[in-house]
Structure formats: structure tokens, C-alpha cells
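The values are calculated or read from the model by the stated rules, or taken from the named source; none is laboratory data. None of the values given here were measured: they were computed from a predicted structure. Positions of Cβ are backbone-derived with ideal geometry, glycine not excepted, and every protein chain shown enters the neighbour counts. The accessibility values were calculated without ligands, DNA or RNA, using every heavy atom of the protein model including side chains. Shrake-Rupley method; radii C 1.70, N 1.55, O 1.52, S 1.80 Å.
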Amino acid sequence: EGFGRQHLACRCLTVDWSVWSGVGMGERLGAVEGLIRQGIAPIGPDAGVAALRQLLASPPAAPAVVVSGRFGNPPTLEMERPELPLLRFLERPRVFVPGVELVVDTTVSAETDPHLADHVFRGEQLFAAVLGLEAMAQVALALTPAIEGGAELPAFERVEWLRPVVVPAGRTTTLRIAALVREPGLIEVVIRDESTAFAADHFRAFCRMTLEGGWWRPLPLEGQGDGGIGVEQDPGEGVGRGAAARSARGGDQGDGGVEYVLDARRDLYGGLLFHRGRFQRLGGYRELRATACFADIIGDGTAGWFAASLPGQLLLGDPGARDAAIHGIQACIPHSLLLPVGVERIVCARLPSDERLSFRARERRREGVELIYDLDILDCDGNVRERWEGLRLRAVDRPPAPEQWTAALLAPYVERRLDDLLPGAAVRVALAPAPGKRAQHADAASAALVRYLLGEEAILRHRPDGKPETGGGWHVSLAHAPGLLLAVTAERSVGCDLEPVAERSPEVWRQLLGDERYRLAEAIAGSRGEGRDAAATRVWTVAESLTKAGAPPGAPLVLEQVDEKDGADGWLLLRSGRLRIGSLVAPMRDLQGPAALAILTEA
């Protein structure tokens, strides 16, 4: 150090090494094992050389540095450690080297963390993924230097929810949250659980920050600063708009507007969604498709997430709003139970608990049993508050079919199941209440529904024979049931029909269907244990879809072999030459009973 002060042109650095493994004095003296038992971790040769290279490449401000592994709390070394902030998940520090590593233990139970009782899946209390993000943010930010003007939030990258954290009812479990600075601005954080002896990562993520002016700063949200993404706001809280709401809103049913209500508490929670209490925050859906949705999040500024005796501050804001945005996507895939397993990147915000928010999600792609979505959480002015890129949702099971399907959920369900039964068909499906009995109202609603599926530029026309058509290479088919309208589009021939199951005598059904198709209905009824009227109505809708697709009268129909798992939920697959028809019989609330639906496309 003295030489360095006298020769300023010369770089002088003193490196004080702790014990090495495999080489060095500690190894020669046989002291390594004893030091390990005292909590002193030796430096591996590769790690030591890498540290030296780093020091030579970027010399520190001080002329002397200490390089070591973990060393516990030896009496010969005093290290200045700032006081950790008073936050829920910083309960008991085990290891704390400021700017390097922080490991804390936190004990959780339904008594100290009442949110656990609201997040029960198949009888087990689960520590929610959004609370895991909060815990990781608290530990990561406690590890980094304090920021002038308050703590900034990190961007999460490569988030993985690998194993559930189960907290048995009436018992406690200890979480171990460990954060390690991997490189400047990048902190790896993991959450482990005593149920796996802290030997396995349950949650894992990287917290990314930039370094500006000596302080840690979060990465910017792309597109922020221009007012965010503007969206039209629905003045009604908790009122959902269905499939045609985005393009066809703007009035009552008399002027062609098409809308319907999806009540999240009645139609989703307690059935498709297991969330309770603090997590039941979904309002109405403004858009709901098989691959996209747009919905409101209800504010709840009264919910307490931790016991009154514990710190209540949440760095990321309202976890209930964030969780609602994730589980709200479930309505796009109502026949598969989805759980989040990871996300590529999250640019976080402090979500307010007492303001109305909304979220918009769009499917990026599907990979086997996983669906990848991009998700934005918006404020009441339509500005993006938080962005999730590459959210991975895994289908883990098939939930029980609802007692009655609503039009809002039936449309994405039908589109998804057709994609399973007819791979590559790429059929788009929309369902909405018919606006009235007057022809001009029905025509306006049909046009609005087609615009919803194909875009505002789509123009619906009818040929002299009544067949609907639109430009741009798209084929379209429409069906009207009492009070309900079905629209189907694809880039190849399509046909559809929708009919309530009607009670008719065998003679009447034989006259309507013809002998050959009536025998097909009897065969379906006999093989599936389905009532004669349901099977006959099914065949009737299949025949109507053939007619709408231009098939000749009396075109032959063949019943395809359907896997038991595919047929268990009311679906059958039929064929007429190159035309294939998916057929469903299911109870529908809008039609006040069981109904048959058929959708046809070319192979």
C-alpha cells in the first residue's frame, strides 16, 4: 500500500485469500476438513483463479481485498452489516454478506399468514406463486445497497415454480429464502422448504437491475412513457362483456350491439377456479376468446395478508390483483386445469389494492401441455402498470364439466376442443345472445360477431341462396338458436348448427332425418347410452352443418372412432368424405337445457 502511494503510475493490489481446497497451505497442513466443520468454506481453484482475473480486469477502489468462501462469524473479522428492513419475509437471517449473499428463514402458517386459507387446492394449503415473488423481492432488495428516495423494484427473469410449497392445516412450515449476487445487477433468488430438508428449490428466479450512478435501478418497461396502451374502459364494475363485446359494444340490443354477462363468482369461482376470499378478485370480462382475454380486477383495500402482529408492508403491492390476472386466463381454457410453472420476464409495479385495475392476456404459442401467454396489467386509464412476458401455464388435469355451460365459456371451450379433435383446422368460434326477433337486429348482430372474429374491416354479405360470406379468403357459417347466435370462421369450408334438444316421437324423427340418418342416431344412442332425442338432435345439427357447407342432400355420414377421453365430455367426430364434423351435446344455460352443437370443416 505504501509503494502504491509513492508510485501512482503503478497499479498495486493486495489480495488476502482465505483457505483453498486441493492446493495451498490449508491443504498441506490438513486443516481444510476442520475449517469446514467450523463453517468456513474453502475456495475452489477454478473459483479462485476466476476471482483473481476479475480483480485484475476491474480493480476495486480499495488497495486490499479479502477473497473467501462462507466464513460464518469469526471473532477475528468484524463486518459492517446494515440493519435489515422490517418486512414479513426477513424474519431470521442466517447468512448476510452485504452486496453478496443473504439467506433468511421465515416460519409460515395459516395463523400468521391467513392468505393460506384462501389458496387451497385439492385440500392442501398452498403458498401462492405471487407471494413467492413478494418474498424474493424483499430478500433481493435487502441484499442490495439502499436507494435514495426509496427502494426500486427489480425485473424478474427466468422465474420457475418447480414444486408447490404446501403448508399443512394447523401446522407450520419454514421457508428458506436465499439470494446471491451472480454478477453486477443480477441476483439469483430461491425459496426452499423444510418439507424437502431445504435440499430442493421450490421457487427460483433472477432479479435484474441496472447500475446507474452507483445505485441499483430497475430495467425500464418497454413502451412506458408514452401514456401506456389505451383501452376503452367499461363504466360498470363487475359486469362482464362476452365474446363480441370488444367490436360490437355501443348500445342496447336494438342497434346491433352484442353482449352478455359472465359472473366470475357464479360461473368461475368454486368450480373452475379454486381461489377464495382475498384471491377472488376477478370482475367482468370485456373479451373472452380461446387465445385471449381482457377482464377487470376488483380492488380490495381492506384485505390483510399477514397477522396483525407482523409487518404488513408489501413491496410489490396487492398480490390478490396480480394473482387474479394469472388465474383469470383459466377462462380461455375451461376444460383444462392450469397452474403457473414459470415466466420469462416480469417488469413489476407496486399494484394498488384500492384502485380498479384490468388485465389483458394473449396466447403466444402452445407447447404440448403448456401454454405460453403474454400478460399486461393496466390501470384505470389503460396504461400498462406491469408486464409479464412468456408466462407458462401447464394443464395438469381436466376439471369436471359444469352443470350448465354459459355462452361466454362455451365458445373458447368449443374452439379448444375442436383444435384437439381436428388438428390444424384453426376454426374460430364465437357465441353471443341473439338481440331479438326482428331480422335487421339479427343481421346486425351476425355482422358484429363476424367482425369480432375477423377484425373491424370484415364485411358480412349473403349470397342469393342465403349463404353468408366475407372477403379475405375466410369462410363463415352462422347458426341461430332461440336467444343465441353462433358464428364460425376458418380459411377452409365451414358449417355449423346449434339446436336445443327437442322431444319428438320416433316417427317424427325418422321423417326429419330419413331412414339412414335415423339409424345412425339410434346407433349413437345405443353405443353412448345417450337419449334418443339427444342423439337425433345431434344428427340433425350435423346434417344442417353439411347443408350449410354445400354438401349434396343425403350426403353419407360416417361415425369416426373417438377415444374414450374425447367422448367422455359429450363430443363425437363424424365424417362425410373430406368434411369432418365435431358434434357436442351439453347442457347450456342460455338455452335452458341440453343442446346439440355441430361444427364442420374440411380435412
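Mind telling me which of the residues 486, 546 ends up being more than 21 Å from residue 590 (Cα to Cα) and either among the aliphatic types (A, V, I, L, M) or within 40 Å of the chain's Cα centre (by Cα) (or both)?
546 is the lone residue from the list that is more than 21 Å from residue 590 (Cα to Cα) and either among the aliphatic types (A, V, I, L, M) or within 40 Å of the chain's Cα centre (by Cα) (or both).
Among the residues that make up region 141-152, is at least one of them open to solvent by 30 Å² or more (accessible area, probe 1.4 Å), in contact (Cβ under 8 Å) with a residue 12 or more places away in the chain, closer than 27 Å to residue 346 by Cβ and under 31 Å from the mean Cα position of the chain (by Cα)?
Looking for residues that are open to solvent by 30 Å² or more (accessible area, probe 1.4 Å), in contact (Cβ under 8 Å) with a residue 12 or more places away in the chain, closer than 27 Å to residue 346 by Cβ and under 31 Å from the mean Cα position of the chain (by Cα), one finds at least one in region 141-152, hence yes.
Restricting attention to region 550-565, does a residue exist that is open to solvent by less than 20 Å² (accessible area, probe 1.4 Å) and not in a loop (DSSP other than H, G, I, E, B)?
Within region 550-565 (the criterion being open to solvent by less than 20 Å² (accessible area, probe 1.4 Å) and not in a loop (DSSP other than H, G, I, E, B)), the answer is no, since none of the residues qualifies.
With the structure loaded, tell me whether residue 333 is out of contact with any Leu (no Cβ under 6 Å at 6 or more places or on another chain), open to solvent by less than 20 Å² (accessible area, probe 1.4 Å) and farther than 16 Å from residue 349 by Cβ or whether it fails that test.
yes
When you look at residue 387, is it in contact (Cβ under 8 Å) with a residue 60 or more places away in the chain and either exposed (fewer than 15 other Cβ atoms within 10 Å of the Cβ) or more than 16 Å from residue 160 (Cα to Cα) (or both), yes or no?
Answer is yes for this residue.
Only residues that are in a loop (DSSP other than H, G, I, E, B), charged (D, E, K, R) and over 20 Å from residue 319 (Cβ atoms): list them for region 361-396, please.
381
For region 371-382, check the following and say yes or no: at least one residue is within 29 Å of residue 492 (Cβ to Cβ), open to solvent by less than 30 Å² (accessible area, probe 1.4 Å), of a type in the set (Val, Ile, Thr) and without any contact (Cβ under 8 Å) to a residue 40 or more places away in the chain.
There is at least one residue in region 371-382 that is within 29 Å of residue 492 (Cβ to Cβ), open to solvent by less than 30 Å² (accessible area, probe 1.4 Å), of a type in the set (Val, Ile, Thr) and without any contact (Cβ under 8 Å) to a residue 40 or more places away in the chain.
Can residue 544 be described as open to solvent by less than 40 Å² (accessible area, probe 1.4 Å) and among the charged types (D, E, K, R)?
no
Looking at 417, 517, which is the one that is charged (D, E, K, R), without any contact (Cβ under 8 Å) to a residue 60 or more places away in the chain and out of contact with any Asp or Glu (no Cβ under 7 Å at 6 or more places or on another chain)?
Selected residue: 517, the only one of 417, 517 that is charged (D, E, K, R), without any contact (Cβ under 8 Å) to a residue 60 or more places away in the chain and out of contact with any Asp or Glu (no Cβ under 7 Å at 6 or more places or on another chain).
Looking only at region 589-603, decide whether some residue is of a type in the set (A, V, I, L, M), within 24 Å of residue 466 (Cβ to Cβ), part of a helix (DSSP H, G or I) and under 39 Å from the mean Cα position of the chain (by Cα).
The answer is yes; a qualifying residue exists.
Could you list, in sequence order, all residues of region 306-344 that are in contact with a Gly (Cβ under 7 Å, 6 or more places away or on another chain) and either at pLDDT below 95 or assigned to a helix (DSSP H, G or I) (or both)?
Once the filter is applied, which keeps residues that are in contact with a Gly (Cβ under 7 Å, 6 or more places away or on another chain) and either at pLDDT below 95 or assigned to a helix (DSSP H, G or I) (or both), region 306-344 yields only 312.
I need every pair where a residue in region 588-603 that is charged (D, E, K, R) has its Cβ under 7 Å from the Cβ of a residue that is assigned to a strand (DSSP E or B), sequence separation at least 6 or different chains.
Qualifying pairs under 7 Å: 589/405; 590/433; 590/484; 602/579.
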